[in-house]
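Student: Can you keep this structure in mind? I'll have questions shortly.
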Amino acid sequence: MKVSYPLSLKISGWLLLNLLLLAAAALAFFVVQGGLGWNALLAGPAGERAQATANVVAGEATAATKPARDAVLARLGAAYGAQFRLFRVDEFSAASVADLPAPVREKLEFRPPRLGGPGDFGPFGERRGGGPGERGGKRDWSGHERRDPGMEGRENPEPVRVEPKRLNNEGDHGRFIVRTSSPAAYWIGLRVPLVSAERGRLVPTLLLIRVDSFWGLLRLLDLQSWLLAGTGVLALSVLFWAPLVRGITKALSQLTNATERIADGRFDTRVPVHSRDEIGQLGESVNRMAARLDAHMTGQKRFLGDVAHELCSPLARLQMATGILGERAPEGLRDTVEDVREEVQQMSTLVNELLVFAKAGMQPRAIALNGVEIGALAQQVLTREDPTRRVTTTVPPGLLARADAELLARALANLVRNALRYGETGPIALTATRESDRVIIRVEDEGPGVPPEALDRLGEPFFRPELARTRELGGVGLGLSIVRHSISACGGEVRFTNRAPRGFRAEIRLAAA
């Protein structure tokens, strides 16, 4: 059965799903804390860290004179991996932001006042314009309300109230993040306190930070530690689960390979058991089953060998007697005697194949395997089995396989005999090739093949497909079983397949020498 969804893939999928659920929960927590969008990165501790960095930059710029301010910002930008620009309210104009991308200018440029309505607030917290009867006023960089200087000295002067800590009526605490594609960069706007060296007081100021990569943005906001921590958790989770997944899949793979070898008749196969869990218990059960099957089949083969050996002598005497009787019988009885002789011959063939089958199955477990030259062995087999030269051979010179020469010759002889018997009058080919560390020997004919449902049973003792159950074709169903046992004793495997559009292929796989 072909495995469509390996167990390792299923367990890994569940692990990944678990980690994704944890990531989704963490993301939901951050969304609740800071909302959606890029501005969410400036919410909470990350925003405070960015503000602290901006305040440090503003402090450095305050200590420098205006001509030296750009050099100070360039030096600090190189240190932080970013580009800094300061926009003071008393120096701000539309021309000063003309080189910035449009999405960034939308955050910074002045907006014209709405006639008859309340004025807008600029990026520094100042009120712009105003409707009739509305008093103008400003707030300082911190968002506190300020009284209109023109109202001082009047009775009950009304303070101008503005919405504190808003930047262009957007963002939180005067902070924003904008991502642009041309150029590809991230822009951070932060309101900072800047002491004017000329006026000696705080001047509303905006620090604009450009970062060219997302990793640089995370470093500036000191969020890379969170990303690294998440990656570390993922890696540790995979490393933590990997031994369990590997142990389970390796044990199941060993069980699968062992049961396949047992199904092929190699009952000496055992499963290594290293655990005391359910998989270990299953392995012990497979080992007990293999041991009982091995004992059962060994007893059967020994019994068949003993019976066949005991039948050889009486059959030989019977063949001799029928031969003599055929020569001395009257003319009217000779056909009957010939029929008896043919039956005795069939019995003798059956007994001989039983002896060969028992011998192949009773081979010692450890056979000395040597390098066998396939070309020379194939010629020996064909000289004995194919006197009419129907079989063509294609074997590279010097091709060696690890096998027992006698067992391999027996297997090839049975395959060639089977092809000559069932291959009708079509050509028969014996080929051998080397693929990596394996030697592949194929015997192919152009006969009718076998029914597809019978392919898996080929090699079972006494099994014959329906097409082979005829007296003319002969056979007792032991030839392919002898092949399978002989090649198994050599440490190889045999495969039987039908060819297209017609024909049959027997394939022997052995280790290369």
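The values are calculated or read from the model by the stated rules, or taken from the named source; none is laboratory data. Because the structure is a prediction, the values reported are computed rather than measured. Neighbour counts run over all protein chains shown; Cβ positions are idealised from the backbone, glycine included. When the accessible area is computed, the model is the full protein with side chains, heavy atoms only, and any ligands, DNA or RNA have been set aside. Shrake-Rupley method; radii C 1.70, N 1.55, O 1.52, S 1.80 Å.
For (1) of a type in the set (Lys, Arg); (2) loosely packed, with under 12 Cβ neighbours inside 10 Å; (3) part of a helix (DSSP H, G or I), each residue gets a yes or a no:
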site: Ile262; (1), (2), (3): no, no, yes
site: Phe267; (1), (2), (3): no, no, no
site: Arg270; (1), (2), (3): yes, no, no
site: Arg276; (1), (2), (3): yes, yes, no
site: Gly283; (1), (2), (3): no, no, yes
site: Leu293; (1), (2), (3): no, no, yes
site: His296; (1), (2), (3): no, yes, yes
site: Lys301; (1), (2), (3): yes, no, yes
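Student: Now for a different question. For segment 249-267, which positions are among the basic types (Lys, Arg) and more than 25 Å from Val483 (Cβ to Cβ)? Can you show your working first?
Tutor: Of the residues in segment 249-267, the ones among the basic types (Lys, Arg) are 250, 261, 266.
Once the filter is applied, which keeps residues that are among the basic types (Lys, Arg) and more than 25 Å from Val483 (Cβ to Cβ), segment 249-267 yields only Lys250.
Student: Mind listing whichever residues of segment 239-260 are open to solvent by 70 Å² or more (accessible area, probe 1.4 Å) and among the aliphatic types (A, V, I, L, M)?
Tutor: Leu239, Leu244
Student: Cβ-Cβ below 8 Å, separation at least six or inter-chain, first residue in segment 283-302 and under 15 Å from Ala263 (Cα atoms), second polar (S, T, N, Q): which pairs?
Tutor: What qualifies is Val286/Thr259; Ala290/Thr269.
Student: Could I ask something else about it? Mind checking which residues of segment 78-105 are more than 19 Å from Ala184 (Cα to Cα) and touching a residue at least 24 places away in the same chain (Cβ under 8 Å)?
Tutor: Residues of segment 78-105 more than 19 Å from Ala184 (Cα to Cα): 79, 86-96.
Those that are more than 19 Å from Ala184 (Cα to Cα) and touching a residue at least 24 places away in the same chain (Cβ under 8 Å): Leu86, Phe87, Arg88, Val89, Asp90, Phe92.
Student: Now, a different point. Does segment 235-258 contain at least one residue that is farther than 30 Å from Leu16 by Cα and in a helix (DSSP H, G or I)? Write out each step before concluding.
Tutor: Looking only at segment 235-258, we keep the residues that are farther than 30 Å from Leu16 by Cα, and these are 258.
With in a helix (DSSP H, G or I) added as a condition, the list becomes 258.
Yes: one or more hits.
Student: If I ask for residues that are surrounded by 16 or more Cβ atoms within 10 Å (Cβ to Cβ) and of a type in the set (A, V, I, L, M), which ones from segment 490-510 would you list?
Tutor: Passing the criteria: Val494, Ala506, Ile508, Leu510.
Student: Here's a follow-up. Quick check on this structure: which one of Gly81, Gly77 is out of contact with any strand residue (DSSP E or B) (no Cβ under 6 Å at 6 or more places or on another chain) and of a type outside the set (Lys, Arg)?
Tutor: Sole residue among the options that is out of contact with any strand residue (DSSP E or B) (no Cβ under 6 Å at 6 or more places or on another chain) and of a type outside the set (Lys, Arg): Gly81.
Student: Follow-up. If I filter segment 209-217 for residues that are of a type in the set (A, V, I, L, M, F, W, C) and either open to solvent by 50 Å² or more (accessible area, probe 1.4 Å) or over 30 Å from Ala50 (Cβ atoms) (or both), do I get at least one hit?
Tutor: Yes, segment 209-217 contains a residue that is of a type in the set (A, V, I, L, M, F, W, C) and either open to solvent by 50 Å² or more (accessible area, probe 1.4 Å) or over 30 Å from Ala50 (Cβ atoms) (or both).
Here's the yes/no breakdown for (1) touching a helix residue (DSSP H, G or I) at 6+ places or on another chain (Cβ under 9 Å); (2) touching a residue at least 12 places away in the same chain (Cβ under 8 Å):
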residue	(1), (2)
Leu207	yes, yes
Asp212	no, yes
Asp222	yes, yes
Leu228	no, no
Ala235	no, no
Phe240	no, no
Ile248	yes, yes
